[in-house]
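Asks: This is the structure I want to talk about, given as C-alpha cells.
The values are calculated or read from the model by the stated rules, or taken from the named source; none is laboratory data. Worth saying up front: this structure is predicted, and the values here are computed from it rather than measured. Every residue, glycine among them, receives a Cβ derived from its backbone with ideal geometry; neighbour counts consider all protein chains shown.
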Amino acid sequence: MKTKSLVQEPQDGGKPLLRVFVVDDHPIFAQVLSELLDQSGEFVVVGSAGDGQTALAMLGGMKVDVLLLDLMLPGISGLEVLGKLREKRSTVRTVVYSGMASDESIAAAFALGACAVVEKSAEVEELFDALRTVAGGGFPLNSRVSGVLRTVVRQQTAGKELGQSDLLILRRLALRNTVKEISVELRLSASAVYKARKRIMHRLALTERGGFFGAASRLGLISAADEVPATRAGTRGRRNRGESAP
C-alpha cells in the first residue's frame, strides 16, 4: 500500500502551514488532493496512507493538525480508525472526507470523535474551510450534517444509538463471521456477542439477519466487494466448526 511521509515548513518565516495527514485508498485521488493542499499556501500534507492500519501506525510518530479520513478503506474502515484513535486518547482532530457518506455513517463518525464531515462532491473551498475550522478547534456543520445530528439527538433520546463495540460486531456479522469467530477476534464472550447481535437488530430495526450487510454498508463499514454469499458462508461455518453462521 502506497504511503507518503514528509514535513515542510514555510521558507519565508510566515504563518506556519497546517499539517494534514490524508487517508484514502484511491492513489490518483489522494495524489491530486495532496497537490491541491500543498499548493494552497495554507496546508502541507505531512503524510498519507492508503489503508487504516498503515495510517494508525504512521500517526503514532507524527505531529498532525488535521486527519483527512475516507470511510471506505481496505482492511479496517474509517469508522474503525476513529474508534482506535479514541481508544488511544489521540488528540488529532479529524475531518471525514467521503464520497459515500450515508446519514448513518455521518452520525457514527461524529459519535466516534470526528469534527466534521465533507462530501467529496463538495467544492474544494468547502473542504479548505472545514480544515481551517477544525484545526482551530471548531466543528463546521453544513445543512446536511446539521440535519443528521438533529436526528441523532432524537435517536439517542430513544436509546437507539450504536456503540463502538456494536459497530465492530456489526461489520463482522455482515461478513458472515460466526459468533465464535467474532468472540475470539474481539475477545468477548459468546453471550456478549449474541446480546450485541440482538441489540443491533433492534436498534437498526432489522427483521432478519441478512440485513446486517445492508446496514453495515450504509454505515461505511464494508463495501459491495466484501459480500460473502450466504450459502457458501453457512456451509463453511458448519463444516469447519460444527455451528451455523450467525
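Asks: Condition first: touching an Asp or Glu at 6+ places or on another chain (Cβ under 6 Å), within 20 Å of D70 (Cα to Cα) and at pLDDT below 95. Can you find one or more residues in the stretch 5-12 that meet it?
Replies: Scanning the stretch 5-12 turns up no residue that is touching an Asp or Glu at 6+ places or on another chain (Cβ under 6 Å), within 20 Å of D70 (Cα to Cα) and at pLDDT below 95.
Asks: Spot the failing condition for V92; the list is (1) touching a residue at least 60 places away in the same chain (Cβ under 8 Å); (2) surrounded by 19 or more Cβ atoms within 10 Å (Cβ to Cβ), and only one is missed.
Replies: Of the numbered conditions (1) touching a residue at least 60 places away in the same chain (Cβ under 8 Å); (2) surrounded by 19 or more Cβ atoms within 10 Å (Cβ to Cβ), the odd one out for V92 is (2).
Asks: Tell me which residues, restricted to the stretch 201-214, are touching a residue at least 40 places away in the same chain (Cβ under 8 Å) and in a loop (DSSP other than H, G, I, E, B).
Replies: L204
Asks: Among the numbered conditions (1) modelled with pLDDT under 95; (2) in a strand (DSSP E or B); (3) hydrophobic (A, V, I, L, M, F, W, C), tell me where L67 comes up short.
Replies: (1)
Asks: Just for helices (runs of 4 or more DSSP H) wholly inside the stretch 85-200: which have at least 2 residues that are at pLDDT 90 or above?
Replies: Of the helices (runs of 4 or more DSSP H) lying wholly inside the stretch 85-200, those with at least 2 residues that are at pLDDT 90 or above span 124-135, 164-174, 179-186.
Asks: Can you say whether M62 is touching a Gly at 6+ places or on another chain (Cβ under 6 Å), in a helix (DSSP H, G or I), in contact (Cβ under 8 Å) with a residue 24 or more places away in the chain and closer than 27 Å to P16 by Cβ, as far as the supplied structure shows?
Replies: The answer is no for M62.
Asks: May I pose another question? Among the residues of the stretch 47-60, is any farther than 22 Å from L186 by Cβ, in the same structural domain as T133 (by TED's automatic domain parsing), modelled with pLDDT under 90 and not small (G, A, S)?
Replies: No, because not a single residue in the stretch 47-60 is farther than 22 Å from L186 by Cβ, in the same structural domain as T133 (by TED's automatic domain parsing), modelled with pLDDT under 90 and not small (G, A, S).
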